[in-house]
Every structure is written in C-alpha cells, then in structure tokens.
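Below is one structure; the comments refer to it alone.
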Amino acid sequence: MNVKNWFGDDPLADDFVKEIKATVPWLLAAAIAVVGYYGVKNYRASRRAAASEAFVSAYTAEELEEAVSRFGGSDAGGALKLRLAKKYFDGGRYQEALDLYEALSGDAAPDGFADIPEVGKAQCLEALGNYTDSLAAYEAFAEANPENYLALSARLGSVRSLAQLGEREKALARVAEIRESVKGDSVSEARVDAIEDCVKRYGVR
C-alpha cells in the first residue's frame with residue numbers, strides 16, 4: 001500500500017514519506033550493525049570453542065601444526081604454539097622448537113606464561129650443543145626470576161651447561177649452592193642429587 005493513501009491528499013503525507021525515506025537507511029544500518037555484532041560475537045565464541053577443542057585434542061606435531069595454522073591468531077594461539085614447541089623439542093626438532101620459543105618471547109608470550117619461552121629457549125640451545133649460550137640464558141633467567149617455579153630448572157640447566165663445557169668443578173660448586181638453597185624440599189633435593197650424580201659420573205657429557 002502506498003503510504004500517501006493513508007492520508008489522502010493531506011500535505012502531512014509528503015512530510016511523512018520524507019521522514020520514512022530519511023529514517024529507513026538508518027534503521028537498516030542499525031539492524032545490520034546489530035545482526036553483525038551478534039554474528040561476530042557468535043563467530044568468535046564458536047572460534048574460541050573450536051580453538052579450545054583443538055588445544056585439548058591435538059596431540060601429534062602434525063595435529064598441533066594444523067591447529068596453530070587455524071587458530072594461531074586466536075586467544076588460544078599462544079598456548080597452542082607453546083604445546084607445539086614442546087612437541088618439537090620432545091621429538092628432537094630443537095631448532096624448530098627454538099624458533100617458536102623465540103617468536104613467543106616477551107610481549108608475544110601468552111598471558112601468565114612469559115617464563116616458559118625463556119627457559120624453553122635455553123633448553124633448546126643446550127640440546128643444540130650451544131652450551132655457552134644456554135649457560136648465559138639459564139643464568140639470566142635464574143637471576144632475574146629467583147622465586148619463579150622454573151628458577152630451579154634454570155639453575156640445574158646452568159649446571160648441565162657448565163659440565164658440558166668441561167667446567168666440572170664449577171658445576172659441582174654450583175650444585176652445592178643449589179642444594180643449600182633447597183634444603184628441606186625433598187623433591188627439589190632429589191633433582192639436585194640426580195644432577196650431581198650425572199656430573200660426577202660423566203663429567204663432560
């Protein structure tokens with residue numbers, strides 16, 4: 001029905017039509033915006049759910065690589081990359097693990113996990129035989145983060161690096177320092193014992 005038929009020849013009809021013509025585009029834009037908002041919101045929620053599912057279910061390096069390819073830019077992307085780096089390391093792909101840890105360093109690290117890439121890099125350097133660099137990385141982390149839950153791992157890593165550089169006596173001296181600092185913590189003491197035994201038995205690995 002023509003809008004003007006509602007009003008007959010009433011001149012108000014012309015004003016009403018003009019108002020409709022002026023208002024409809026704004027209403028349409030508003031409707032599109034609302035639909036778009038909820039569409040994006042639902043898309044993001046769906047994407048987060050899919051990323052979370054991938055984080056839980058991906059196990060092999062290939063599955064994690066695919067998950068990182070799909071969701072690397074999502075909120076779960078950093079955590080997926082950390083899992084992939086660990087998988088690379090466990091599979092002996094140390095350079096690839098190092099590259100990922102380096103990419104996740106600093107501000108690029110997932111919230112609350114900035115420490116993992118730093119220690120991960122040191123472990124990769126050690127595994128690659130770059131003992132001077134791994135020693136420096138371990139020592140820097142342990143010094144900067146003495147209360148961090150990975151501090152002991154870093155300090156023990158520095159012992160391994162020293163031993164593999166042929167610095168057996170320095171390594172054993174550091175073991176003694178670490179042992180004193182963890183006295184009374186049976187789990188930590190056991191880790192120190194294992195490293196000391198390794199250094200004493202094998203010297204340079």
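The values are calculated or read from the model by the stated rules, or taken from the named source; none is laboratory data. Note that this is a predicted model, so its numbers are computed, not measured. Quick reminder, even Gly has a Cβ in these numbers, built from the backbone with ideal geometry, and neighbours come from all protein chains shown.
Taking residue 112 as meeting all but one of (1) small (Gly, Ala, Ser); (2) in contact with a helix residue (DSSP H, G or I) (Cβ under 8 Å, 6 or more places away or on another chain); (3) at pLDDT below 95, write down the number of the exception.
That leaves (2) as the condition not met.
Given the criterion farther than 30 Å from residue 64 by Cα, of a type in the set (A, V, I, L, M, F, W, C) and either surrounded by 15 or more Cβ atoms within 10 Å (Cβ to Cβ) or in contact (Cβ under 8 Å) with a residue 12 or more places away in the chain (or both), identify the matching residue among 151, 176, 136. So that I can check it myself, show each step before the final result.
Numbers: 151 fails: farther than 30 Å from residue 64 by Cα; 176 fails: either surrounded by 15 or more Cβ atoms within 10 Å (Cβ to Cβ) or in contact (Cβ under 8 Å) with a residue 12 or more places away in the chain (or both).
None of the others qualify; the one that does is 136.
Any residue in region 68-95 that is at pLDDT below 90 sitting within a Cβ distance under 6 Å of a residue that is outside any helix (DSSP H, G or I)? List the pairs, counting only those 6 or more apart or interchain.
These pairs meet every condition: 78/110; 79/110; 81/104.
Filter region 102-132 down to residues that are part of a helix (DSSP H, G or I) and free of Cβ contacts under 8 Å to residues at least 12 places away in the same chain, then give me how many there are.
Step one: filter region 102-132 for residues part of a helix (DSSP H, G or I), giving 102-103, 106-108, 115-127, 131-132.
Within this subset, residues satisfying the condition of being free of Cβ contacts under 8 Å to residues at least 12 places away in the same chain are 106-107.
Residues that pass the stated criteria total 2.
Kindly provide the set of residues from region 51-67 that are at pLDDT 80 or above and either buried (at least 21 other Cβ atoms within 10 Å of the Cβ) or not aliphatic (A, V, I, L, M) (or both), ordered by number.
At the first step, the residues of region 51-67 found to be at pLDDT 80 or above are 60-66.
If the condition is that a residue be at pLDDT 80 or above and either buried (at least 21 other Cβ atoms within 10 Å of the Cβ) or not aliphatic (A, V, I, L, M) (or both), then 60, 62, 63, 64, 65, 66 are the ones that fit.
I'd like the residue in region 90-101 that is over 11 Å from the mean Cα position of the chain (by Cα) and in a helix (DSSP H, G or I) and, out of all such residues, is nearest to residue 118 (Cα to Cα).
Within region 90-101, the first condition is being over 11 Å from the mean Cα position of the chain (by Cα), and the residues that meet it are 90-99.
From what is left, the residues that are in a helix (DSSP H, G or I) are 90, 94-99.
Numbers: 90: 17, 94: 14, 95: 15, 96: 15, 97: 12, 98: 10, 99: 12 Å.
Selected residue: 98.
With farther than 25 Å from residue 95 by Cα and either in contact with a helix residue (DSSP H, G or I) (Cβ under 7 Å, 6 or more places away or on another chain) or of a type outside the set (Ser, Thr, Tyr) (or both) as the only criterion, which of 166, 184 stands out? Write out each step before concluding.
Working: 166 fails: farther than 25 Å from residue 95 by Cα.
Unique residue meeting the criteria: 184.
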